[in-house]
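Here the structure is laid out as structure tokens; the discussion comes afterwards.
The values are calculated or read from the model by the stated rules, or taken from the named source; none is laboratory data. Nothing here was measured: the structure is a model prediction, and the numbers come from that model. Positions of Cβ are generated from backbone atoms using ideal geometry, with glycine treated the same way; all protein chains shown enter the neighbour counts. In case anyone asks, the SASA skips ligands and DNA or RNA and just uses the protein heavy atoms, side chains included. Shrake-Rupley method; radii C 1.70, N 1.55, O 1.52, S 1.80 Å.
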Amino acid sequence: MTVTLNCRIDEDDYAKVTVDSDGDIRIGIVGTDHIFARPEKAAEFARGILRLVGERTNGNESPQIGDLVEVTTDRDYSSDCVGKRGVLKVIDTDSIPYLVEGVGWVVSVRKVTPTTSDNPFAAHVDEAKRLLEGTVHTGADVVALARELAGRS
């Protein structure tokens, strides 16, 4: 398997990664000493290298607009927003590509699986279902009770 990253400016220039006969990773840049690539192409190249060496990319390939994400690198490389979660609203191609609702523009994010704690009302729905268990009720009854429980908290 070979992973190649073509240069955005001159396609005759490229970076290539292979595994040699000793099992070592061989990295070469052909035609130049600089490769210019869009962030999404560079990320695809990096994932290819990880696959080449047998590393898993843990299913978090690339977050999409609308995904729940967690900030991993803040825009000023501080830790102020690291760990904050929000819905991904915009993906741009500049050095600060992600707009996360409620957080702002950040350098990097990772997709996360929503949990009940990410939606406080969901916890009330779960509690309403528990309280109504064993009774004859409709979905509207569950929502009404969840709203009542939300009003108490």
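Within the range 8-29, being of a type in the set (A, V, I, L, M, F, W, C) and at pLDDT 80 or above holds for ILE9, ALA15, VAL17, ILE25, ILE27, ILE29.
Of the residues making up the range 121-144, at least one is surrounded by fewer than 11 Cβ atoms within 10 Å (Cβ to Cβ), of a type in the set (D, E, K, R), at pLDDT 85 or above and not in a strand (DSSP E or B). Residues in the range 1-54 that are of a type in the set (Lys, Arg) and either in a strand (DSSP E or B) or touching a His at 6+ places or on another chain (Cβ under 9 Å) (or both) were compared, and the one that is most open to solvent (accessible area, probe 1.4 Å) is ARG26.
Examine the range 70-89 for a residue that is acidic (Asp, Glu), part of a strand (DSSP E or B), closer than 30 Å to GLU40 by Cα and open to solvent by less than 60 Å² (accessible area, probe 1.4 Å), and state whether such a residue exists. Yes, that holds for at least one residue.
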